[in-house]
1. Taking 8 Å as the Cα distance limit and 6 or more residues as the minimum spacing, I'd like the relative contact order of segment 8-105 as a percentage.
2. Quote the FRET efficiency, to the nearest 0.05, computed for Asp52 versus Ile133 with a Förster distance R0 of 22 Å and r equal to the Cβ-Cβ distance.
3. Lys109: which lysines have alpha carbons under 22 Å from its alpha carbon, excluding same-chain residues fewer than 8 sequence positions away?
4. Starting at the first residue of segment 59-69, write each ³J(HN,Hα) from the Karplus equation 6.51 cos²θ - 1.76 cosθ + 1.60 with θ = phi - 60°, in whole Hz, x for Gly and Pro.
5. Multiply the residue separation of Ala26 and Lys85 by 0.36 nm, subtract the distance between their alpha-carbon atoms, and state the gained length in nm to one decimal.
6. Just for the chain, what percent of DSSP beta bridges are antiparallel, to the closest 5?
7. If I take every Cα pair under 8 Å that is 6 or more residues apart in segment 51-161, average their sequence separation and divide by the length, what percent do I get for the relative contact order?
8. With charges set only on the Cβ (+1 for Lys and Arg, -1 for Asp and Glu), what does the dipole of the chain come to about its Cα centre, in debye to the nearest 20?
Amino acid sequence: MNLSPYPTIKNDKVLLRQITSTDIPAIVSICFYDALQAKTIEEATAMQAKIDKDIVDGNSIHWGIINSTTNEIVGTCGYYRGLDKGEGELGCVLLPQFYGKGFMTEAMKLAIDYGLNIMGLKKIWAVTTNENIKAVKLLERLNFVKTADLEDNEVEYQLNN
């Protein structure tokens, strides 16, 4: 899937845009690649390079979530698997100091709309754990329904559209 030029989408609360090298220090604690978490700026930078390659190859899209008022990065979200089949696993991570402020809800709404209406995805799903109550509530609020119990106490939710 060709995602060039890099899509930027926004509403009054958040802007979803490409992550830049200047964003990395602020998001080291939430940088993941293949379920591994970065521990240093160098590791996060290397992970972002892999993510950027995945984007160029059409395998994923990974946005920084920017507070529209302060221009500060507050988290990340994007589609990470399934694009080659016309579907996408939607994932998200928020910096803890921004929990409960509506940033992730707004970012996910933008990402879902983009996935359905611009990318033409036929199926959108997300995976979390039963213990991640905030993620479960977010997904349910966004019209996802539980579709499967997976290994390691993970659960799959699918957008009910």
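Values quoted throughout were computed directly from the atomic coordinates according to the rules given, and no laboratory measurement underlies them. Nothing here was measured: the structure is a model prediction, and the numbers come from that model. We place every Cβ from the backbone using ideal geometry, glycine too, and count neighbours over all the protein chains shown.
1. Numbers: 154 pairs, mean separation 23.9, N = 98.
Averaging sequence separation for qualifying contacts and normalising by length gives 24 percent for segment 8-105.
2. Numbers: r = 32 Å, r/R0 = 1.47.
Calculated transfer efficiency: 0.10.
3. By straight Cα distance, Lys109 reaches Lys10, Lys13, Lys85, Lys101, Lys122, Lys123, Lys134, Lys137, Lys146.
4. 8, 7, 9, 10, 9, x, 9, 10, 5, 4, 7
5. Values: separation 59, 0.36 × 59 = 21.24 nm, distance 3.33 nm.
This chain segment gains 17.9 nm when fully extended.
6. Values: 30 of 33 bridges.
If I count the DSSP bridges inside the chain, around 90 percent turn out antiparallel.
7. 18 percent
8. Working: 16 positive and 21 negative charges, 111 e Å.
Computed charge dipole of the chain: roughly 540 debye.
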